Structures are given as C-alpha cells and as structure tokens.
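The block underneath contains the structure these notes are about, expressed in structure tokens.
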Amino acid sequence: MACFLVSAAEAIAVKATEKRVESAEQNEKQAEDIVVKKIPFSRKLHWLSNLLFGGSALLAFEHIWHGEVVPWFPFLTAMSDVADRAEMFHEMATVGVGMAALVTVTWGIMCVVADSIVKREPATVSKEEE
C-alpha cells in the first residue's frame, strides 16, 4: 500500500547526506597535492540514492496501477479507513523497511566490489601526471 514511501524517505535522507559529503570532499580535495585513485564516497551515495529513488518510483507506479494510490485526497486508499491504516503501517514497517534494507545491503556489497576493482590499478598519481 505505501511501502514505497520508506525507500523514498531513505532516498531523500541519502541525497541530503550525499550533498554534504560532496561539499566536504571538494574542500578536502583542494587542500591535497596528491590525488589518490579511489571512488569518492559521495559517488557511492549517489549510487544508493539512484537505486532507492528508482525502486520507489517503480513501486509507486505499481501501486498507482493497482489503484492503491489515487490523485485525490488522502492519496492512499488505505488512509480512508482506520483498520486499513493499521495494515498499511504494518506493511510499511515490514515490507518497506525490508526492501530498503535489502537495497542498502546490496549497495554495500556493490561498493566493496567496486573498491576491490579500483585497488587493482596503481594506487596514487601526482597532479603533474594527470
């Protein structure tokens, strides 16, 4: 019913964190003389936000398709009845959190694999060689 809202909320939080980390990395990068070849954490967070936004968009489309999300208030059909609200919150707490956690764990594995691939290449490059 509303499980896509959990991953959308996580995606918004990750996007805000990504912007802060990106700003900090820019300040740190200007202070360094040697560039270390590695994937910036802000780029990894961008991957996660893309996964979460994409998944929540697909889930929202599926819920619209099945008539669980409507274009009039209260937008979620489960919000019109008190008994349905309890079921909706239970679904969000179980299915929504489970899906968001699975996407985050998959992203973590993806980051570990990407870091191991990058470590195969030479570790550092001076700015003059770039």
Selection count where residues are more than 17 Å from A9 (Cα to Cα) and in a helix (DSSP H, G or I), scope the range 64-97: 12
Taking A100 as the residue in question, decide whether it is touching a strand residue (DSSP E or B) at 6+ places or on another chain (Cβ under 7 Å), surrounded by 16 or more Cβ atoms within 10 Å (Cβ to Cβ) and part of a helix (DSSP H, G or I). no
Would you mention how many residues in the range 80-96 are surrounded by fewer than 15 Cβ atoms within 10 Å (Cβ to Cβ) and closer than 14 Å to L5 by Cβ? 4
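When you go through T77, T94, T17 one by one, which is the residue that is out of contact with any helix residue (DSSP H, G or I) (no Cβ under 9 Å at 6 or more places or on another chain) and of a type in the set (V, I, T)?
On the way: T77 fails: out of contact with any helix residue (DSSP H, G or I) (no Cβ under 9 Å at 6 or more places or on another chain); T17 fails: out of contact with any helix residue (DSSP H, G or I) (no Cβ under 9 Å at 6 or more places or on another chain).
None of the others qualify; the one that does is T94.
Residues A24, A13, A60: which one is open to solvent by 50 Å² or more (accessible area, probe 1.4 Å), part of a helix (DSSP H, G or I) and closer than 20 Å to T94 by Cα?
Numbers: A24 fails: closer than 20 Å to T94 by Cα; A60 fails: open to solvent by 50 Å² or more (accessible area, probe 1.4 Å).
After applying the criteria, what remains is A13.
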Across (1) open to solvent by 60 Å² or more (accessible area, probe 1.4 Å); (2) modelled with pLDDT of 95 or more, G108 clears everything bar (1)
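The values are calculated or read from the model by the stated rules, or taken from the named source; none is laboratory data. Only a predicted model underlies this, so the values are computations on that prediction, with no experimental measurement involved. Ideal geometry is used to build each Cβ from the backbone, glycine not excepted, and the neighbour counts take in all protein chains shown. Please note that ligands, DNA and RNA were not included when accessible areas were found on the heavy atoms of the full protein model with its side chains. Shrake-Rupley method; radii C 1.70, N 1.55, O 1.52, S 1.80 Å.
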